[in-house]
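The values are calculated or read from the model by the stated rules, or taken from the named source; none is laboratory data. These numbers were taken from a predicted model, which means no experiment stands behind them. As a convention, Cβ positions derive from the backbone with ideal geometry for all residues, glycine included, and neighbour counts pool all protein chains shown. Accessible surface areas use protein heavy atoms only, side chains included; no ligands, DNA or RNA. Shrake-Rupley method; radii C 1.70, N 1.55, O 1.52, S 1.80 Å.
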Amino acid sequence: SFVNNLAGTGPVLRVSGSIRIDSSTFINNQSTYEQVYGGIIYAAGNNNIRIENSLVINNSGLVSISYDGDDSLFIGNSTIVNNDMVIGIINSNPQVDKPIISLNNSIIWDNQNDIISSEFNEPWSYQYDSTFHVQYSLIDTNGLWYQFNVGSNNIFTNPLFCNADNGNYTLAEN
């Protein structure tokens, strides 16, 4: 578990290269940087990041990727709730391909911003649609994921957490 960490960028982890994060909990971690640089995990240069079976709650953001070519981010079987940002994309080299981002079997709910791009200085852009693969996920109806509906077999409804106020993010039977 990573709880109550504070730093400029990457208060939990700074990485360059490949990393797999599995069965981890990230709660109340904050970057002092805003928006696109606010990820609790800061990745710079040729990254292959996998986040699986993890719970991400009340953070400044999950991942900030400063891409420089051949970058990918996979989020699977994870719950990401009430964060300032889910993913920040920082274009450090406009001559390279955009990162490939895959979201599978996850819950994205009640975050202030889903995707932030430094290149367009706005929360999402049609420029990135072809690089996102979102499927089999429960997604916030107020978020931009819903607006663009990228991917397949997604559900856009309230996840009905059992007791989110007390940290229980399991789903109710109904």
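Table for the structure above
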item: Search result, residues across the range 124-146 that are at pLDDT 75 or above and touching a helix residue (DSSP H, G or I) at 6+ places or on another chain (Cβ under 6 Å); result: ILE139
item: Residue count for the range 47-66, restricted to those that are open to solvent by 60 Å² or more (accessible area, probe 1.4 Å) and touching a Ser or Thr at 6+ places or on another chain (Cβ under 7 Å); result: 2
item: Residues (under 26 Å from THR25 (Cβ atoms) and at pLDDT below 80) located in the range 147-174; result: GLY151, ASN174
item: Odd one out for ASN121 among (1) farther than 20 Å from ILE51 by Cβ; (2) touching a strand residue (DSSP E or B) at 6+ places or on another chain (Cβ under 8 Å); (3) at pLDDT below 90; result: (2)
item: Among (1) in a loop (DSSP other than H, G, I, E, B); (2) surrounded by 21 or more Cβ atoms within 10 Å (Cβ to Cβ); (3) modelled with pLDDT under 75, the one test that ASP97 misses; result: (2)
item: Selection from the range 28-39 of residues that are crowded, with 17+ Cβ neighbours inside 10 Å and modelled with pLDDT of 85 or more; result: ASN29, GLN30, SER31
item: Hits in the range 41-92 - residues which are among the hydroxyl-bearing types (Ser, Thr, Tyr) and out of contact with any helix residue (DSSP H, G or I) (no Cβ under 7 Å at 6 or more places or on another chain); result: TYR42, SER54, SER60, SER66, TYR67, SER72, SER78, THR79, SER92
